[in-house]
Amino acid sequence: MVDPHPPAGSGTTVRTARDDPPPRGLGIGMGITVLAVGVAIAFGSSGSAPPQVATDVVATQAQPAEAGAPPTTAGGRPLAAAFGVAFPDLAGRLGWQPVGRRDDVVDGRQVRTLVYARAGRRLAWSVVDGAPVPAPSGSARVPVRGADAVQFESGGRVAVLTTRGGHAVVVSAAGVSPVAIIRAALAR
């Protein structure tokens, strides 16, 4: 057994595990881990949309239009677009006429909504600026082949969330069949 406290002046040095430097790769590995966690937090918080964006858009769609409808072509297509996404012609095949418009900021994103009317009912078709937004919890995939869309309910409205031109599109209405809302959401 080695005495960890040799007599003074004996010239004997005893090393213990506490005296050894940490393994060389440990410090570098810890530094990389801390950096990776910091980057993930920074990009995760600023690059992703809050999960309630789609439902918050539906809440604004329930509000009245702030402006009149945009002009339309002879065929009924609105001469309007938002963030590079053209609003669809819902008049021709579906019978929805554009009757108003509103602009909102929802969860820090600009939203342009066109309001359509048919048989006393109103349908809102919104484009959300920025990257697509997550589907709300409880959403169901739209059962249409080739459609990348989900259906959900919020605030007494049936809504469909899809993407167009790299932006989220939210379409909702109250008192309108889910099939009619899906058709409107997928119309071009």
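For the residues P136, P178, P143, the requirement of being in contact with a helix residue (DSSP H, G or I) (Cβ under 7 Å, 6 or more places away or on another chain) and surrounded by fewer than 21 Cβ atoms within 10 Å (Cβ to Cβ) singles out P136.
Every residue, every condition in (1) in a strand (DSSP E or B); (2) at pLDDT below 85; (3) surrounded by fewer than 12 Cβ atoms within 10 Å (Cβ to Cβ); (4) small (G, A, S), yes or no:
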residue	(1), (2), (3), (4)
M1	no, yes, yes, no
G44	no, yes, yes, yes
A49	no, yes, no, yes
A65	no, no, no, yes
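Using the structure shown, decide if G146 is out of contact with any strand residue (DSSP E or B) (no Cβ under 6 Å at 6 or more places or on another chain) and under 13 Å from Q61 (Cα atoms).
Here the answer is no, as G146 does not meet what is asked.
Residues in the stretch 165-184 that are among the polar types (S, T, N, Q) and in a strand (DSSP E or B): S172 alone. For the stretch 127-148, name all the residues that are over 12 Å from V169 (Cβ atoms) and either under 13 Å from the mean Cα position of the chain (by Cα) or basic (K, R) (or both). Residues satisfying the conditions are G130, A131, P134, A135, P136, S137, R141, R145. Filtering the stretch 149-188 to residues that are on the phi < 0 side of the Ramachandran plot and within 14 Å of the chain's Cα centre (by Cα) leaves A149, V150, V160, L161, T162, T163, R164, H167, A168, V169, V170. For the stretch 69-82, residues that are touching a residue at least 24 places away in the same chain (Cβ under 8 Å) and touching a Pro at 6+ places or on another chain (Cβ under 9 Å) total 5.
Across the stretch 83-116, the number of residues qualifying as crowded, with 18+ Cβ neighbours inside 10 Å and without any contact (Cβ under 8 Å) to a residue 60 or more places away in the chain comes to 13.
As a summary of the residue check, A131 satisfies the conditions (1) modelled with pLDDT of 95 or more; (2) within 18 Å of P51 (Cα to Cα); (3) of a type in the set (A, V, I, L, M) except for the one numbered (1). Residue count for the stretch 117-153 under the criterion of being closer than 18 Å to P64 by Cβ and in contact (Cβ under 8 Å) with a residue 12 or more places away in the chain: the result is 8. For the stretch 137-164, the set of residues classified as assigned to a loop (DSSP other than H, G, I, E, B) and farther than 16 Å from T113 by Cβ consists of S137, G138, S139, V142, P143, V144, R145, G146, A147, D148, G156, listed by residue number. If you go through the stretch 67-88 and keep only what is of a type in the set (V, I, T) and part of a strand (DSSP E or B), you end up with T72, V85.
The values are calculated or read from the model by the stated rules, or taken from the named source; none is laboratory data. All figures in this text were calculated on a predicted structure; none of them were measured in a lab. With ideal geometry, Cβ positions are generated from the backbone for all residues, glycine too; neighbour counts draw on all protein chains shown.
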